[in-house]
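Report on the structure given below.
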Amino acid sequence: AEDGYELWLRYRPLPADQRDRYAGATTQLVMPTPSPTLVAAKDELLRGLNGLLSQQPAAVESVSAPALVIGTPQSNAQIAQFDLGLKGLAAQGYVIRHRPINGQATVIIAANDDVGVLYGVFHFLRVLQTQQPLGNINITESSRIQLRMLNHWDNLDRTVERGYAGFSLWDWHKLPDYLDPRYTDYARANASIGINATVLTNVNANATMLTAPYLEKAAALANVFRPYGIRVFLTARFSAPVEIGGLKTADPADPGVQQWWKAKAAEVYKFIPDFGGFLVKANSEGQPGPQDYGRTHADGANMLADAVKPFGGTVIWRAFVYSHEQPDDRAKQAYDEFVPLDGKFRDNVLVQVKNGAIDFQPREPFHPLFGAMPKTPLAMEFQITKEYLGFATHLVYLGAFYEEVLRADTYRPRQGSTVAKILDGSVHNYARTAIAGVANIGTDRNWSGAQFEQANWYAFGRLAWNPMLSSKDLAEEWVRMTFSNDPQFVKPVVAMMMKSHEAVVDYMTPLGLHHLMGRGHHYGPGPWVEGGPRADWTSVYYHRADANGIGFDRTKTGSNAVAQYAPPVAAQFGDLKRVPEQFLLWFHHVPWDYRTKSGRILWDELVYRYTRGVDTVREMEGTWQGLAPFVDAERHHEVAAFLKIQEKEAKWWRDASIAYFQTFSKRPLPAGFAPPE
Ligand code: GCU
């Protein structure tokens with residue numbers, strides 16, 4: 001069935017002309033496989049060629065016809081004889097080159113390590129899948145980011161926090177004895193886009209994960225993932241020494257606690273020798289942490305770092321912190337708590353920062369921590385699962401948004417220091433680099449809850465490999481592999497994806513508005529939400545609409561959060577005249593009759609944008625309707641039905657938001673705008 005299970009690794013037969021040109025170039029194969037990773041690489045190659053070309057290359061030792069030669073200089077003697085430019089590659093990098101061998105045209109896929117070879121094979125298959133020329137192929141790929149990780153927010157009962165694609169893939173009940181074949185397909189999919197680490201468990205961690213029976217289960221998963229270059233990480237609940245260790249305290253300064261974590265780390269490494277390390281959420285949203293004992297984030301992180309250090313492990317400490325005791329603008333808390341700790345973390349600690357300072361909103365300015373911690377490697381945390389963006393049913397291509405954030409200029413220490421360059425270590429010489437994405441993967445047949453959600457997983461992985469890539473190019477790659485290479489299909493679908501992020505911002509939170517979703521579930525409009533346990537879980541806290549205007553004043557006259565940015569950025573965001581309009585109400589409280597760039601007053605502009613968002617979704621529906629001839633009925637139908645849901649809910653957002661804000665603005669709908677249907 002065309003249910004999307006195969007993701008972008010479909011390997012359907014190419015059209016005859018394409019097939020012939022590739023088949024002619026791949027008649028023989030020289031590829032010894034002395035390791036499980038090389039076996040996986042070869043399996044994938046044969047699976048791909050079989051599907052795409054209906055041809056298996058003949059395995060040979062010496063080339064006598066156009067051939068593929070694949071491996072490392074160690075695994076393949078043919079490769080050792082050429083200077084292929086492998087020297088400068090980062091770990092897991094690879095090259096694909098054209099070289100004559102024995103007078104025959106040969107494509108060489110080579111790397112310094114076996115995982116690089118596997119990645120090179122996936123890249124080569126992608127060249128065929130997207131029907132690119134092979135003639136003078138000359139590819140050098142070297143990742144700019146060392147750790148490219150998925151964060152699963154998966155609970156041990158298999159529910160997934162903020163997951164909209166079914167239940168957790170990890171079948172703890174049947175592990176370690178039954179290995180669902182899906183684990184291998186998961187690893188293949190991730191390896192195909194360069195993801196090399198996975199955190200199996202929720203940041204709101206359950207200490208039970210760190211008990212021996214569960215470690216044995218995690219080890220079974222690690223064994224499946226290892227050939228694909230994927231290292232397993234786990235979340236560590238800070239209070240585990242009390243909860244499962246029988247200690248009275250989890251104080252990181254307590255020698256007994258330190259000892260407990262050292263022993264626990266040693267135990268974990270007995271189960272999983274190449275265990276990646278711990279991801280920790282501490283002192284945030286009520287989770288336990290070092291501050292419970294009057295210690296700092298650095299004290300907590302360093303204790304864990306010391307425990308995993310002898311085994312080569314890493315601690316990834318999250319900067320997503322806020323607490324009810326803190327009455328100040330929530331956007332400021334992470335910066336305030338972490339900047340003073342710069343330089344105080346062990347060298348095997350990374351601090352993982354969400355892309356923005358609030359919480360995965362449809363659009364946020366980049367987090368002011370990026371660039372502000374020159375002595376502490378900072379990792380990016382993107383959300384792939386669409387907690388605040390309509391869950392899986394709304395078609396929103398996040399690649400465009402990731403790119404927007406990665407290209408933002410922090411101006412720290414100077415112009416050109418983009419978020420991407422902070423992350424890849426080039427600005428501050430970070431010894432460690434990482435990009436994480438909160439996974440959108442579950443037990444749904446299509447993995448991600450919707451066909452187009454797969455594109456967000458795909459784009460995330462490719463951008464984690466190289467944050468300088470263009471999200472539009474990635475959309476095109478994905479469309480070609482997932483659906484069709486027909487330009488009559490590719491062009492409109494890519495265009496639709498590229499405008500989809502702006503559309504959701506328009507119909508949910510235009511002009512820098514944020515956190516207006518229903519409380520708790522975060523689905524659907526709730527700009528009226530007030531009261532409850534804490535101010536910053538309400539929408540009125542964020543939009544601050546009143547008779548005069550709307551928006552959160554984060555300038556000097558307000559919370560002054562803007563001062564956390566480098567001076568040139570702060571000057572721009574803090575200036576009503578210069579702030580990019582997409583962040584207008586993020587930083588400013590603006591009168592309803594303020595003249596926006598379009599010439600419309602703010603109220604009219606707000607209505608205009610809400611309306612434009614709905615209109616864009618309608619256009620997307622129209623585009624997709626016209627593309628039925630290019631897609632199997634099953635996937636076409638699913639996407640069309642979801643777009644209908646999206647349209648319905650975009651209207652819901654538009655109408656509810658306009659009606660609610662109108663109670664403050666007391667202004668009529670601008671001429672030409674229909675009243676709510
Ligand atoms: C958001 C989300 C929570 C999650 C938290 C986090 O607040 O709603 O479910 O636990 O982020 O990232 O820690």
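No lab work stands behind these numbers, since they all come straight from the coordinates. All values reported here derive from a predicted model rather than from experimental measurement. Every residue, glycine among them, receives a Cβ derived from its backbone with ideal geometry; neighbour counts consider all protein chains shown.
Based on other C-beta atoms within 10 Å, arrange THR201, THR482 from fewest to most. It would help to have the intermediate numbers written out before the result.
Working: THR201 27, THR482 22.
Ranking THR201, THR482 by Cβ neighbours within 10 Å, fewest first, gives THR482, THR201.
Compute the signed sum of charges (Lys and Arg +1, Asp and Glu -1) over the other residues within less than 14 Å, Cβ to Cβ, of LYS556.
Numbers: positive: LYS332, ARG554; negative: ASP329, ASP553, ASP575.
Taking every Cβ under 14 Å from that of LYS556, the sum is -1.
Around ARG162, what is the net charge, scoring Lys/Arg as +1 and Asp/Glu as -1 over all other residues with Cβ under 10 Å from its Cβ? Walk me through the numbers before you get to the answer.
Details: positive: LYS386; negative: GLU161, GLU387.
For residues surrounding ARG162, the net value is -1.
Taking the simple approach of a point 7 Å from Cα along Cα-to-Cβ for both ASP180 and ARG578, what is their distance in nm?
Distance between the two pseudo-spin positions: 5.3 nm.
May I ask you to sort THR249, THR376 by Cβ crowding, counting other Cβ atoms within 10 Å and putting the fewest first?
Details: THR249 14, THR376 25.
Result, fewest neighbours first: THR249, THR376.
At most 16 other Cβ atoms within 10 Å and a DSSP loop assignment: could you name the trypsin sites (Lys or Arg not before Pro) in the stretch 454-533 that fit? Display every interim value, and only then the final one.
Numbers: sites: ARG462, LYS472, ARG480, LYS499, ARG519; in loops: ARG519.
Passing sites in the stretch 454-533 are ARG519.
With 18 Å as the limit, write out which pairs from LYS421/LYS577; LYS332/LYS354; LYS42/LYS217; LYS344/LYS375 have Cα-Cα distances beyond it, or answer none.
Violating the 18 Å Cα-Cα cut-off are LYS421/LYS577; LYS42/LYS217.
Which residue, HIS123, VAL438, SER323, has the largest displacement toward the positive end of the dipole of the chain when charges sit on each Cβ (Lys, Arg +1; Asp, Glu -1)?
The Cα lying farthest towards the positive end belongs to HIS123.
Calculate, for ASP593 and ARG618, the FRET efficiency according to 1/(1 + (r/R0)^6) with r their C-beta to C-beta distance and R0 25 Å; round to the nearest 0.05. Show your work: numbers first, answer last.
On the way: r = 30 Å, r/R0 = 1.19.
Efficiency, rounded to the nearest 0.05: 0.25.
Sketch the reach of a paramagnetic label on ARG346 as a point 7 Å from Cα along Cα-to-Cβ, and name the residues of the stretch 203-245 whose backbone nitrogen lies under 19 Å away.
Only 210, 232-242 pass the distance filter.
Using Cα pairs closer than 8 Å and at least 6 residues apart in sequence, work out the relative contact order for the stretch 559-677, in percent. Don't skip to the end; give the middle numbers.
Working: 66 pairs, mean separation 23.0, N = 119.
This gives 19 percent for the stretch 559-677.
If you take the beta carbon distance between HIS98 and LYS491 as r and set R0 to 25 Å, what does 1/(1 + (r/R0)^6) give as a FRET efficiency, to the nearest 0.05? Please report the intermediate quantities before stating the final value.
Working: r = 30 Å, r/R0 = 1.19.
Efficiency for this residue pair is about 0.25.
Can you list which of the trypsin sites (Lys or Arg not before Pro) found in the stretch 209-264 are DSSP loop residues with at most 11 other C-beta atoms within 10 Å? All intermediate terms of the calculation are to be shown ahead of the outcome.
Numbers: sites: LYS217, ARG231, ARG237, LYS248, LYS262, LYS264; in loops: ARG237, LYS248.
Counting only loop positions with at most 11 other Cβ atoms within 10 Å, the trypsin sites (Lys or Arg not before Pro) in the stretch 209-264 are LYS248.
Residue by residue through the stretch 182-195, which ³J(HN,Hα) values in whole Hz follow from phi under the Karplus form 6.51 cos²θ - 1.76 cosθ + 1.60 (θ = phi - 60°), with glycine and proline marked x?
4, 4, 5, 5, 4, 5, 4, 4, 5, 4, 5, 10, x, 6
If you take every DSSP beta bridge whose two residues both sit in the stretch 147-482, what share of them, in percent to the nearest 5, is antiparallel? Walk me through the numbers on the way to the answer.
On the way: 2 of 32 bridges.
Percent antiparallel among DSSP bridges in the stretch 147-482 is about 5.
Give me the aspartates and glutamates in straight-line cross-link reach of LYS644: C-alpha distance below 12 Å, same-chain residues under 8 apart excluded.
Hits, sequence-local ones excluded: GLU619, GLU621.
Magnitude of the Cβ-charge dipole of the chain, K/R +1 and D/E -1, about the Cα centre, nearest 20 debye? Walk me through the numbers on the way to the answer.
Values: 68 positive and 71 negative charges, 216 e Å.
That gives a dipole near 1040 debye.
In debye, nearest 20: dipole of the stretch 147-482 around its Cα centre with unit charges on the Cβ of K, R (+) and D, E (-)?
Values: 35 positive and 37 negative charges, 142 e Å.
Dipole of the stretch 147-482, to the nearest 20 debye: 680 debye.
For the stretch 602-650 and the stretch 512-563, write down the distance between their C-alpha centroids in whole Å.
28 Å
Is the shape of the stretch 147-482 best called rounded, prolate or oblate, per the rule: a/c under 1.5 gives rounded, else a/b larger than b/c gives prolate, else oblate, with a ≥ b ≥ c the square roots of the Cα gyration tensor eigenvalues?
In terms of gyration-tensor shape, oblate.
Once the Cα gyration tensor of the stretch 16-141 is diagonalised, what are the square roots of 5 times its eigenvalues, in whole Å and ordered largest first, as equivalent ellipsoid semi-axes? Numbers along the way, then the final one.
Details: eigenvalues 81, 46, 42 Å².
They are 20, 15, 14 Å, listed from largest to smallest.
Among the trypsin sites (Lys or Arg not before Pro) within the stretch 386-454, which fall in a DSSP loop and have no more than 16 other Cβ atoms within 10 Å of their own Cβ? Mind showing how you got there, number by number?
Details: sites: LYS386, ARG407, ARG414, LYS421, ARG432, ARG445; in loops: LYS386, ARG414, ARG432, ARG445.
Counting only loop positions with at most 16 other Cβ atoms within 10 Å, the trypsin sites (Lys or Arg not before Pro) in the stretch 386-454 are ARG414, ARG445.
Of GLY343, PRO487, ALA547, which is farthest along the charge dipole of the chain in the positive direction, counting Lys and Arg as +1 and Asp and Glu as -1 at C-beta?
My answer, from the dipole projection, is GLY343.
Suppose each label sits 7 Å from its Cα in the direction of the beta carbon; what would the THR140-ASP292 distance come out to in nanometres?
5.1 nm
Any idea which of GLY194, ALA563, PRO227 is furthest toward the positive side of the dipole for the chain, if Lys and Arg beta-carbons carry +1 and Asp and Glu beta-carbons -1?
ALA563
Please label the shape of the chain as rounded, prolate or oblate, based on the square roots a ≥ b ≥ c of the eigenvalues of the alpha-carbon gyration tensor (a/c under 1.5 means rounded; beyond that, a/b larger than b/c means prolate, else oblate). Numbers along the way, then the final one.
Numbers: a/c = 1.84, a/b = 1.25, b/c = 1.47.
Cα axes put the chain in the oblate bin.
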